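The block underneath contains the structure these notes are about, expressed in structure tokens.
The values are calculated or read from the model by the stated rules, or taken from the named source; none is laboratory data. Quantities reported herein were computed from a predicted structural model and do not represent experimental measurements. Cβ placement follows ideal geometry from the backbone for every residue including glycine, while neighbour counts extend to all protein chains displayed.
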Amino acid sequence: MNDHEAIAAKLDEVRARVAQAARDAGRDASTILLLAISKTKPIESVRAAYDAGQRCFGENYAQELVEKADALADLPGLEWHFVGRLQTNKARLVATRARMVHAVDSERLARELAKRAEGRDRPLDVLIEVNVGGEASKGGLEPDALEATLRVVEAHASLRLRGLMSIPPPTETPEASRPFHRALAALRDAHGGASRLPELSMGMTDDLEVAIQEGATIVRVGTAIFGARAVRL
Ligand SMILES: *Cc1c(COP(=O)(O)O)cnc(C)c1O
């Protein structure tokens, strides 16, 4: 099996996991977006997944998103999501290329993205990252600060509020991630529910089944599709 075929085969396995988890949860698998996280992986790997039908990809460094998005701009239907921490001075690079930014974690970043998204032919989709892991988590807004940030996003026509995202602390077992996913779903319920916040971006390679049981609408999967990553310095 060459690399291209290996990625296609792994993608099939992940799709089967998503479908099975949806069945187990009594959900329709078509309501769950599989986002392929291609960070650190070469452009050829993205192309392989694209050839196997994958359309939505995620990156967590602005410069890497720019390089891949520009190199693959000829592929119809290809869509980029930014899932990393975004410095305001990189907001323009991302706002001009991404379909969705997952980890908006301050009013300041929301305002900067709104400014940089003006002139797009459609609004930039935005998720707010919430810290559901307490001190053990690195990023995200404190739940107390959520409502004010939601309102900033809603106040800008160049942005479209789509939901919430979290990166819980690593857990020993997938099951141990459940309280974090449940906490994000509860925050959604407390802030207007699915009509205001349709998307819940939660769950990765190890815990996507648990996340889907708890209501994930976007699972962000890297390792299970593209293989292990070298540690990035
Ligand atoms: C790298 C990354 C992922 C994918 O993690 P895997 O465990 O490789 O599936 C998901 N979300 C974010 C924000 C990431 O940075």
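A few remarks follow.
- The residues of the range 113-141 that are under 14 Å from L159 (Cβ atoms), in a helix (DSSP H, G or I) and of a type in the set (A, V, I, L, M), listed by number, are L113, A114.
- Evaluated against (1) in contact with a helix residue (DSSP H, G or I) (Cβ under 8 Å, 6 or more places away or on another chain); (2) more than 16 Å from V83 (Cα to Cα), G163 falls short on exactly one condition, (2).
- Given (1) away from the ligand (no atom under 12 Å from the Cβ); (2) buried (at least 22 other Cβ atoms within 10 Å of the Cβ); (3) of a type in the set (S, T, N, Q); (4) farther than 25 Å from R92 by Cα, index of the condition T149 fails: (4)
- Among (1) more than 19 Å from the chain's Cα centre (by Cα); (2) at pLDDT below 95 - the single one A157 does not satisfy: (2)
- Pairs with Cβ under 7 Å, 6+ apart, first in the range 206-223 and basic (K, R), second near the ligand (Cβ under 9 Å from one of its atoms) and assigned to a strand (DSSP E or B): R220/L35; R220/I37; R220/G58; R220/S201
- Residue in the range 176-185 that is within 11 Å of the ligand (Cβ to nearest atom), under 17 Å from A21 (Cβ atoms) and touching a strand residue (DSSP E or B) at 6+ places or on another chain (Cβ under 7 Å) present: no
- 3 or more residues of a type in the set (A, V, I, L, M) and surrounded by 23 or more Cβ atoms within 10 Å (Cβ to Cβ): qualifying strands (runs of 3 or more DSSP E) within the range 46-112: 100-104
- Checking the stated criteria, I225 turns out not to satisfy the condition of being within 13 Å of the ligand (Cβ to nearest atom) and closer than 23 Å to A114 by Cβ.
- Qualifying residue in the range 20-38 (condition: surrounded by 18 or more Cβ atoms within 10 Å (Cβ to Cβ) and part of a helix (DSSP H, G or I)): yes
- Candidate set from the range 186-210 (those that are within 11 Å of the ligand (Cβ to nearest atom) and within 15 Å of M165 (Cβ to Cβ)); member that is surrounded by the most Cβ atoms within 10 Å (Cβ to Cβ): M202
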